[in-house]
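Take a look at the structure set out below.
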Amino acid sequence: MADEKTEQKPQQTTPEQPAAPAASEKGGEKGKSSILPYIIVAVIVLVCAGAGVGLGLLFAGGAKTGPAPEGTSEAVKTEEPKKAEHSAKDKQAETQKAGKPGEVWYYDLDPVVANLNEPGATRYVRAVLTLEMSPAITPEKGAAILAQKKPLLTNLMTIYLAGLSVDATRGDKNLKRMQAELTDTFNEKLFPDSAPLVKGILIKEFAVQ
């Protein structure tokens, strides 16, 4: 009987030994299944965050490199050179009308009719003159001065011609003398405090009747 009891003891423990690893495997599977949703959620969060950062950088880069809207400083910068170009052309056109700086320019005087100094006869002369001006004065400034002084110039020419005789108006030498004398008179009266700015006088018309 003792031997039968001793032989039956191992038979009672052998079926119970494999039960322990089965329980541990079930516990591991339960632990893995409980952690897996958290891992999936964490991965989704990381993917969404990375996508958000990438989209933000993409839109930011597009905003920097995109074309500037109308009315911005870039549009203003493109208009400024055009305005400067038009103003330069306008100034150049005005200079060409009045004369180029650094060159001799001309100014037409009004016609003058004066009675000659001829006793016993009524003789008169009609003269149309042009002033040859020095480049030392700009056409704009010089023309403004001469336009203001036109009544004085007409008076000086009338007095000068009224003192001439018919013989004094004839011949090449007399005409050159008249040009030189009128040039000196105009410089003295127009520009008394500066160097002579009237270089000479050109005769457009000179008729004695």
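The values are calculated or read from the model by the stated rules, or taken from the named source; none is laboratory data. Model, not experiment: these values are computed from the prediction. Cβ: placed from backbone, ideal geometry, glycine included. Neighbour counts: every protein chain shown.
Some observations on this one:
- Among residues of segment 152-208, those that are acidic (Asp, Glu) and under 15 Å from Leu131 (Cβ atoms), counted: 4
- When we screen Val104, Val113 for residues that are touching a Pro at 6+ places or on another chain (Cβ under 7 Å) and among the hydrophobic types (A, V, I, L, M, F, W, C), the only hit is Val104.
- Evaluating Met178 against the criteria (1) loosely packed, with under 15 Cβ neighbours inside 10 Å; (2) under 20 Å from Tyr106 (Cβ atoms) leaves one unmet condition, (1).
- If the condition is being hydroxyl-bearing (Ser, Thr, Tyr), under 22 Å from Phe206 (Cβ atoms), in contact (Cβ under 8 Å) with a residue 12 or more places away in the chain and in a loop (DSSP other than H, G, I, E, B), then segment 120-173 contributes only Ser165.
- Qualifying residue in segment 175-185 (condition: at negative phi and touching a Gly at 6+ places or on another chain (Cβ under 7 Å)): yes
- Restricting attention to segment 189-205, the residues that are more than 17 Å from Tyr106 (Cβ to Cβ) and modelled with pLDDT of 95 or more total 0.
- With respect to the conditions (1) among the β-branched types (Val, Ile, Thr); (2) modelled with pLDDT under 95; (3) surrounded by 14 or more Cβ atoms within 10 Å (Cβ to Cβ), Val112 falls short on a single one, namely (2).
- Every residue from segment 174-209 that is assigned to a strand (DSSP E or B), of a type outside the set (D, E, K, R) and under 26 Å from Glu103 (Cβ atoms): Val198, Gly200, Ile201, Leu202, Ile203
- Test set (1) buried (at least 16 other Cβ atoms within 10 Å of the Cβ); (2) among the small types (Gly, Ala, Ser); (3) in contact with a Ser or Thr (Cβ under 9 Å, 6 or more places away or on another chain) - Ser134 fails condition number: (3)
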